[in-house]
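Heads up: the structure comes next, in structure tokens.
The values are calculated or read from the model by the stated rules, or taken from the named source; none is laboratory data. Computed from a predicted structure; not experimentally measured. Glycine also receives a Cβ, built like all others from the backbone with ideal geometry; neighbour counts cover every protein chain displayed.
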């Protein structure tokens, strides 16, 4: 798929609509499965939509294409949003989404590259995706390849030491083909990150590790497209996009509630959520 | 192999064979890259670095990242040989080996340098005598424990040819070059180095030459002890194990704890398919201070130790029969 052309506002409007559909699809999957991680799915949907429907170059018919841009889901538990976006991108039929978490499904609670096209590496335990993304970027650097590598990390995930091993090495290697996007919703499973093991000043930390940093509203589609756009001048540094997000974004009763890290809406909540999402993001 | 010819008393550090082989492979396949953790010296990657500086990825002292980076390099089309002291490579990065390599079926070659008790006096933190038990529990993980320089080179070549994750132990403890009439290496294929029908000794790595010496000594007393080199711990050559069980007794010997290594792997086959008396030779656990040779001798991982175990087991076999 080519990098999208068009007026910035048109592109942003399209991403917004796609992000709304991902949210609704993820909730539908979670309700059908009776489990899931809706909070993180909602906070990361806009980022995923921007990547898959505008920024990244890939061919779902040829998932192993060596020239493809890569996406690594370091926060591997947000599979509701990830599978919804991969299906919409054409990696597998949308009908498959109805099997989410069911016995024998290709759609496991965490993504598996060995049987699901579009998945680059198996994640789930936190702190794994960024090192793998760094390795892919090193391969690209050695080959002077044109592909870009994107990793989406949780913010709580940045409490894992392996993330900083990877960050340090990416800075050292000057991997300007690498973008780490931090889904900075401020909540981890049980509480606020800042009350658990504080991450701030987060931008300073990335800069100190040799990265360029941009801080954006992770639900503002125009800002996402601008931050993730191909970098015209090679800076010799990897890029950290700190995307300030809201866990549960788009569903009033989930927003900013750590309790919705896991969880399944009841029938009434589900109806309300779908209504709110359609009103905000369109059909 | 250039230097490592059998037939004399010379002892070899298998890291030399590993390093030469890697450089030779890299010369004909530009996908080969070396990944290490500040271990250019201890992994003997100096020659590789000189020949292919752009293909040496030194992540510094960061094993979790090293293995993750290895998986990423494989995704990017490379054949990464990830090497470091076996104790840190396997222990520190165990979850990366599980999730990023084995579970992801990534084409990563993990090469554990100076495994076993090669670091002697440095103590249990630096011994790598649990590595096989840990990695053997992962599906998808090929595990090779070569016995000498020739087999180390063959294992590295076979690892490069296989599409999938492989762990190779690369011994630092000096070993002789083993005499072979028909040298042939194959993943999943055991090698019989001495024929014998009274009992079978199944060994790998640094214990193979001791097993041969034990078998030769026992032969002088009329005991016919087969020696099977089980360098491929996963996949196992189950046929060779069942054939060994036909002798009526099996002694295993390895530079590893007695739980979950080669002995455990053999016992799983023997217990379920052809039960016979067994002895599992290895280390009991965390070890006292001592040099590598002292530790090996002290815990019976020597020709004499194997010989004693064989004599004991033959008595047990006769009693049970």
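Brief remarks follow.
- Members of the range B:179-195 that are touching a strand residue (DSSP E or B) at 6+ places or on another chain (Cβ under 7 Å), more than 21 Å from residue B:256 (Cα to Cα) and surrounded by 16 or more Cβ atoms within 10 Å (Cβ to Cβ): B:193, B:194
- Residue in the range B:82-91 that is farther than 22 Å from residue B:152 by Cβ, within 14 Å of chain A (Cβ to nearest Cβ) and outside any helix (DSSP H, G or I) present: no
- For the residues A:13, A:50, the requirement of being part of a helix (DSSP H, G or I) and surrounded by fewer than 20 Cβ atoms within 10 Å (Cβ to Cβ) singles out A:13.
- For residue B:279, the stated conditions hold: it is within 21 Å of the chain's Cα centre (by Cα) and either closer than 23 Å to residue B:135 by Cα or free of Cβ contacts under 8 Å to residues at least 40 places away in the same chain (or both).
- Selection of the range B:161-178 for residues being surrounded by 20 or more Cβ atoms within 10 Å (Cβ to Cβ) and within 21 Å of residue B:90 (Cα to Cα) yields B:165, B:166, B:167, B:168, B:169, B:170, B:171, B:172, B:173.
Yes or no, residue by residue, for (1) part of a helix (DSSP H, G or I); (2) touching a strand residue (DSSP E or B) at 6+ places or on another chain (Cβ under 6 Å); (3) within 14 Å of another protein chain (Cβ to nearest Cβ):
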site	(1), (2), (3)
A:54	yes, no, no
A:67	no, no, yes
A:71	no, yes, yes
A:87	yes, no, no
A:97	yes, no, no
A:105	no, no, no
A:110	no, no, yes
A:115	no, no, yes
A:118	no, no, yes
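- Taking the range B:281-321 as the range and being closer than 19 Å to residue B:197 by Cα and not in a helix (DSSP H, G or I) as the test, only B:321 passes.
- Residue satisfying condition, being assigned to a loop (DSSP other than H, G, I, E, B), facing chain A (nearest Cβ under 8 Å) and within 19 Å of residue A:169 (Cα to Cα), within set B:77, B:68, B:60: B:60
- Restricting the first member to the range B:127-155 and to residues that are surrounded by fewer than 24 Cβ atoms within 10 Å (Cβ to Cβ), and the second to residues that are outside any loop (DSSP other than H, G, I, E, B) and at pLDDT below 95, no beta-carbon pair is closer than 7 Å while six or more apart or on different chains.
- Set side by side, the residues A:200, A:194 differ, and just one is part of a loop (DSSP other than H, G, I, E, B) and at pLDDT 95 or above, which is A:200.
- Some residue of the range B:106-116 being assigned to a loop (DSSP other than H, G, I, E, B) and surrounded by fewer than 22 Cβ atoms within 10 Å (Cβ to Cβ): no
- Output for the range A:228-271, where each listed residue is surrounded by 15 or more Cβ atoms within 10 Å (Cβ to Cβ) and not in a loop (DSSP other than H, G, I, E, B): A:228, A:239, A:240, A:241, A:242, A:243, A:244, A:258, A:260, A:269, A:270
- Complete set of residues in the range B:30-47 that are surrounded by fewer than 24 Cβ atoms within 10 Å (Cβ to Cβ), within 14 Å of chain A (Cβ to nearest Cβ) and not in a strand (DSSP E or B): B:30, B:31, B:38
- Test result for residue A:167, assigned to a helix (DSSP H, G or I), within 27 Å of residue A:42 (Cα to Cα) and either in contact with a strand residue (DSSP E or B) (Cβ under 8 Å, 6 or more places away or on another chain) or free of Cβ contacts under 8 Å to residues at least 24 places away in the same chain (or both): yes
- Residue in the range B:106-126 that is within 11 Å of another protein chain (Cβ to nearest Cβ) and either in contact (Cβ under 8 Å) with a residue 40 or more places away in the chain or touching a helix residue (DSSP H, G or I) at 6+ places or on another chain (Cβ under 8 Å) (or both) present: yes
- Residue A:214 being touching a strand residue (DSSP E or B) at 6+ places or on another chain (Cβ under 8 Å) and assigned to a strand (DSSP E or B): yes
- Tally, over the range B:92-105, of residues that are more than 8 Å from chain A (Cβ to nearest Cβ) and either surrounded by fewer than 24 Cβ atoms within 10 Å (Cβ to Cβ) or part of a helix (DSSP H, G or I) (or both): 6
- Residues that are within 22 Å of residue A:38 (Cα to Cα), assigned to a loop (DSSP other than H, G, I, E, B) and at the interface with chain B (Cβ under 9 Å from one of its Cβ atoms) within the range A:122-155 comprise A:122, A:123, A:124, A:125, A:127, A:128, listed in sequence order.
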